[in-house]
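A.B. asks: My questions all concern the structure below.
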Amino acid sequence: MRKFLNLFIPVLVAIFLLFSDYKFSYLDSLKKSIATLISPVYLGINLPSQLYSWINEQGTTKQTLLNQNKKFRVELVRLKVDLQNHNALLLENQKLSQLLNSRYKLDKEAFTLARVSSLSQSRLKKQITINKGSSDGIKIGQVVLGVDGILGQVSQATPLYSSVLLITDPTQHIPVKNERNGIRGISKGVSSYQGKLMVRFIQHGLDIKIGDVFLSSAIGSKFPAGYPVGRVTHVEKKEHNPFLTIELAPSQTIEQLEFVLINNILKKP
């Protein structure tokens, strides 16, 4: 009987307390006090799980940021490449426009546009290679033009590419005339690395000045008339030589040359 009372009395007390708390809220202050007292224990018990969650969240956030950063870097590189391609196309279009709107007249002659593939210059040989050949209608002897003047002549044509002998090559001779006064001579490439031209057979006393421009004269030549060849950089009268020593800088330089025009009308000498 005593054991029964020891078990039954606590149960009755618990039921009474529960009923009283539910009905009259007598124990609210007591519960708050107890909750306040045990809150550090509760925090201590939950601290490991909260710490684990925080560390896991931080790691996930860091990895997410790293992945996003990597994605943004890849996208930035792609955009830079697209911008470079865009700028390259704009530059190429500008160069083509300059070529097709050269300061000299094409006189509606048919021509072929080609890109410079390679450049080969030595003291005795000066030529370039273009990406058009006999399969494109290119023939040996055709004149090649740049933005600023005559570049040379096709010296070899294969089905896939052609070689162009530059006017600065020592073997090239072009009948020329002074644009200012019509005085005629013959230009010739010079055996040097400087890419110069000489004008021969102009006698002493004739009016030649530094800065004069010589054009192709087409007399006895495959080169059509009226295209710039070079500008006078030096004039000298040497003793025991009946002709003036005249040096020209070629009108068309090749340092940044990318596109050329090939005159499809092959003129016979």
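A.B. asks: Inside the range 133-148, can you point out the residues that are touching a Ser or Thr at 6+ places or on another chain (Cβ under 7 Å) and assigned to a loop (DSSP other than H, G, I, E, B)?
C.D. replies: G133, G137, I138, I140, V147, D148, listed by residue number.
A.B. asks: Looking at E247, E255, can you tell me which residue is within 22 Å of Q121 (Cβ to Cβ), among the acidic types (D, E) and out of contact with any strand residue (DSSP E or B) (no Cβ under 7 Å at 6 or more places or on another chain)?
C.D. replies: Only one candidate qualifies: E255.
A.B. asks: It is to be established whether one or more residues within the range 216-224 are of a type in the set (S, T, N, Q) and in contact (Cβ under 8 Å) with a residue 60 or more places away in the chain.
C.D. replies: For the range 216-224, residues of a type in the set (S, T, N, Q) and in contact (Cβ under 8 Å) with a residue 60 or more places away in the chain: present.
A.B. asks: Across the range 196-216, which residue is farthest from A249 (Cα to Cα) among those that are in contact with a Lys or Arg (Cβ under 7 Å, 6 or more places away or on another chain) and either surrounded by fewer than 22 Cβ atoms within 10 Å (Cβ to Cβ) or of a type in the set (K, R) (or both)?
C.D. replies: Only one residue fits best here, namely H204.
A.B. asks: Another question about this same structure. Being modelled with pLDDT of 80 or more and under 19 Å from the mean Cα position of the chain (by Cα) is the filter here; which residues of the range 95-118 pass it?
C.D. replies: A114, R115, V116, S117, S118
A.B. asks: If you take the residues of the range 149-160 that are assigned to a loop (DSSP other than H, G, I, E, B) and surrounded by fewer than 19 Cβ atoms within 10 Å (Cβ to Cβ), which of them is nearest to the chain's Cα centre (by Cα)?
C.D. replies: L160
A.B. asks: In this structure, does V213 turn out to be within 16 Å of H173 (Cα to Cα) and under 35 Å from the mean Cα position of the chain (by Cα)?
C.D. replies: Here the answer is no, as V213 does not meet what is asked.
A.B. asks: Examine the range 165-175 for a residue that is part of a strand (DSSP E or B) and touching an Asp or Glu at 6+ places or on another chain (Cβ under 9 Å), and state whether such a residue exists.
C.D. replies: No, every residue in the range 165-175 fails to be part of a strand (DSSP E or B) and touching an Asp or Glu at 6+ places or on another chain (Cβ under 9 Å).
A.B. asks: Still on this model: Can you confirm whether D136 is acidic (D, E), out of contact with any Asp or Glu (no Cβ under 9 Å at 6 or more places or on another chain) and within 25 Å of E258 (Cβ to Cβ)?
C.D. replies: It is true that D136 is acidic (D, E), out of contact with any Asp or Glu (no Cβ under 9 Å at 6 or more places or on another chain) and within 25 Å of E258 (Cβ to Cβ).
A.B. asks: Within the range 116-134, count every residue that is within 9 Å of Y161 (Cα to Cα) and without any contact (Cβ under 8 Å) to a residue 40 or more places away in the chain.
C.D. replies: Of the residues in that region, 4 qualify.
A.B. asks: While we're on this one: In the range 211-226, which residues are touching a Phe, Trp or Tyr at 6+ places or on another chain (Cβ under 7 Å) and under 17 Å from G189 (Cα atoms)?
C.D. replies: L215, S216
The values are calculated or read from the model by the stated rules, or taken from the named source; none is laboratory data. Just so we're clear, the structure is a prediction, and the values are computed from it rather than from any experiment. When we count neighbours, we look across all protein chains shown, and the Cβ atoms used for this are built from the backbone with ideal geometry, even at glycine.
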